[in-house]
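In what follows, a single structure is set out as structure tokens and then discussed.
No value in this document is a laboratory result; all are computed from the given coordinates. The structure presented is a predicted model; accordingly, all values stated were derived computationally and were not measured. Glycine gets a Cβ as well: all are built from the backbone with ideal geometry, and neighbour counts include every protein chain shown.
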Amino acid sequence: MRVRTIASLSAAPTAAIVAVLIAWRAAIFPSVGSGPLASPSPSDGPPFIALQTPRPVAPLSFTNGDDAPLTLADFHGRMVLLNLWATWCVPCRKEMPALDRLQAKLGGPGFTVVPLSIDHRGRDAVARFYRELGVKSLRIYVDKSANAIYAINAVGMPTTLLIDAQGRELGRVIGPAEWDGHAMLSRLAHYLEAGDRGARAGPHTN
């Protein structure tokens, strides 16, 4: 599996940002793999790192394809697959068609893919990228500040978080994955079914 680490962001246009990201990665990298994470079994296929206990995701601010401001809170009530990526990231280019197919298959009121680009060039660069790859189902979301890298503690590109309807991280994948493959679709279906059961149960009133 090819993983584009933060230390390899030399392709990013701003050297100062790259230097900061490299230092930040060096500081947090030892902590990766610690905490309440459940190790995936060999049968899991793609390397989805599941959390034993869902944890809140830090607030994220970004814009959509119309340059309208958004936050993760705008997706409350839906399960979100948050994919942090950039147009200059080669593994991201490899992964994007699978995310597009996943959105076409599962996207709807209960689930959506949020491909969050950190390109400083904004929506036009993402739109060109989508056209080049023939992306049809994904929408444009951009964080030109790249603050999302810090907010989600990303140590590689792409990094993808599965977030429940309450805004809590359920797990993540570091590196490109076959999101529309059988193993990942089965895993997502499991989480969606669990979320539906929880929603139907709802709060009990006596």
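Calculation over all alpha carbon pairs of the stretch 40-120 in 10 angstrom steps from 0 returns a P(r) of 14, 41, 40, 6, 0 percent.
Exposure proxy for ARG172, ARG131: other Cβ atoms within 10 Å of each Cβ, ordered fewest to most, give ARG131, ARG172.
By the rule of a C-alpha distance below 18 Å, with chain neighbours fewer than 8 residues away ignored, the lysines paired with LYS136 are LYS94, LYS105. Taking the stretch 64-93 and a reference point 7 angstrom along Cα→Cβ of GLU132, the backbone N atoms nearer than 13 Å belong to 86-93.
Ranked for footprinting exposure by Cβ neighbours inside 10 Å, fewest first, ASP143, ASP74, ASP180 give ASP74, ASP180, ASP143. With K and R counted +1 and D and E -1, the other residues having a Cβ less than 13 Å from that of GLY134 yield a net charge of +3. In this rough spin-label picture, where each label sits 7 Å from Cα along the Cβ direction, the ALA58-HIS76 distance is 2.1 nm. Cross-link reach is defined here as a Cα-Cα straight distance under 20 Å, omitting same-chain residues fewer than 8 places apart; for LYS144 the aspartates and glutamates meeting it are ASP66, ASP67, ASP74, ASP119, ASP124.
Could you tell me which of rounded, prolate or oblate describes the stretch 97-206, using a ≥ b ≥ c as the square roots of the eigenvalues of the alpha-carbon gyration tensor, with rounded for a/c under 1.5 and, failing that, prolate when a/b is larger than b/c and oblate otherwise?
Values: a/c = 1.97, a/b = 1.58, b/c = 1.25.
Prolate shape, in that a/c is at least 1.5 and a/b is the bigger ratio.
Relative to the current alpha-carbon distance between LYS94 and LEU192, full extension at 0.36 nm per residue lengthens the span by 32.7 nm.
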